[in-house]
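Below: the structure, in structure tokens.
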């Protein structure tokens with residue numbers, strides 16, 4: 001239940017001013033009563049006081065109540081829930097996505113990079129309380145989106161990722177190192193990188209295993225995913241006659257990806273089609289469920305209406321009684 005607090009509690013000291021007003025009223029009431037000397041009260045014993053005489057002080061009491069309620073309004077009453085800590089699921093995750101030209105191969109539908117983006121989007125949508133970031137790499141690497149809980153923004157940035165944004169190549173070590181740098185200062189109880197690639201490390205100044213050792217130092221777990229069918233895969237090649245499909249050999253450095261996963265206490269997966277890729281993300285989703293503490297903040301709401309409305313009603317009632325009922329009662 002909401003509790004009432006006051007933004008200006010010092011204003012409530014004005015309520016003490018009601019005391020001298022009451023004293024003044026009592027003193028004035030006694031002084032203003034008329035008196036007459038008579039020989040005996042025997043003739044007045046049977047005269048009964050009317051209800052008007054009994055309740056003649058009601059108007060004054062109503063006026064006091066109105067003043068008190070107005071003072072309370074000036075003190076700015078506010079409702080506020082108590083602050084609470086609640087434990088919810090959540091971890092920090094960075095998706096490191098290979099956007100080299102080989103990710104345009106059509107062994108996935110419509111191609112590898114679009115399939116990876118679609119599955120990652122579904123994964124992000126299901127992790128409501130996680131902070132998730134996005135790193136892309138080919139010959140170089142950059143952060144497409146830092147860690148955020150605004151998943152709508154993250155998904156929009158993910159959709160805009162295309163092969164060819166940066167120089168072609170596959171710098172797995174550099175992509176992993178960049179992802180780790182996004183997580184190294186995180187205070188989350190679980191820090192994870194999901195690294196997806198379809199090739200072999202051939203660019204970058206950081207070796208993949210070195211990047212894995214760095215990840216281990218900062219307590220980052222790395223799940224590696226090798227993307228590509230077994231054997232040959234159709235790849236679109238521009239020609240003078242338009243885009244033509246050519247079969248190219250699928251070369252994934254699985255030993256290196258396995259080493260990265262082993263060093264960081266993660267796991268290596270091989271995705272050969274859209275279905276297995278989706279299943280891999282679901283398995284990672286099941287494995288990565290940890291607890292974090294989330295602070296629940298209360299919102300204060302002005303509650304002067306609770307006192308202003310009764311003050312208005314009582315003032316109208318006092319005016320009506322004074323002018324209509326107690327008009328001739330001193």
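Numbers below:
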item	result
Alpha-carbon centroid distance for the pair the stretch 223-266 / the stretch 140-200, whole angstrom	18
For 107, 253, order by how many other beta-carbon atoms lie within 10 Å, fewest first	253, 107
Förster radius 25 Å - calculated FRET efficiency between residue 210 and residue 289, Cβ distance, rounded to 0.05	0.25
Ranked list, fewest to most other Cβ atoms within 10 Å of each Cβ, for 76, 203	76, 203
Antiparallel content of DSSP bridges confined to the stretch 86-295, in %, to 5	40
Inter-site label distance for residue 247 and residue 217 at 7 Å from Cα along Cβ, in nm	4.6
Packing-based order for 153-159, 218-224, using average beta carbon neighbours within 10 Å, highest first	218-224, 153-159
Stretch gain in nm, segment residue 125-residue 79, where the contour uses 0.36 nm per residue and the Cα spacing is subtracted	13.1 nm
Sequence ranges 97-106, 303-312, 259-268, 179-188, ranked by mean other-Cβ count within 10 angstrom, highest first	97-106, 259-268, 179-188, 303-312
Overall Cα dimensions of the stretch 206-275, principal axis frame, Å, largest first	52, 27, 17
Added length on full extension, which subtracts the Cα-Cα distance from 0.36 nm per residue, residue 16 to residue 185	55.3 nm
Efficiency of FRET from Cβ geometry, residue 58 and residue 305, R₀ 30 Å, rounded to 0.05	0.75
Three principal axis lengths of the stretch 86-295 [C-alpha, angstrom, descending]	61, 33, 27
Spin-label pair residue 160/residue 279, simplified geometry with 7 Å Cα→Cβ offset, distance in nm	3.6
Cα gyration tensor, the stretch 180-330 - rounded (a/c under 1.5), prolate or oblate	prolate
Likely footprinting exposure, 19, 67, fewest C-beta neighbours within 10 Å first	19, 67
FRET efficiency estimate (nearest 0.05) - Cβ-Cβ, residue 239 to residue 262, R0 56 angstrom	0.85
Potential extension, residue 142-residue 28 segment - 0.36 nm per residue separation minus Cα distance	32.6 nm
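Each value in this text was obtained by applying a stated rule to the coordinates, not by laboratory testing. This structure is a prediction, so every number in the text was calculated from the model and none was measured. Cβ: placed from backbone, ideal geometry, glycine included. Neighbour counts: every protein chain shown.
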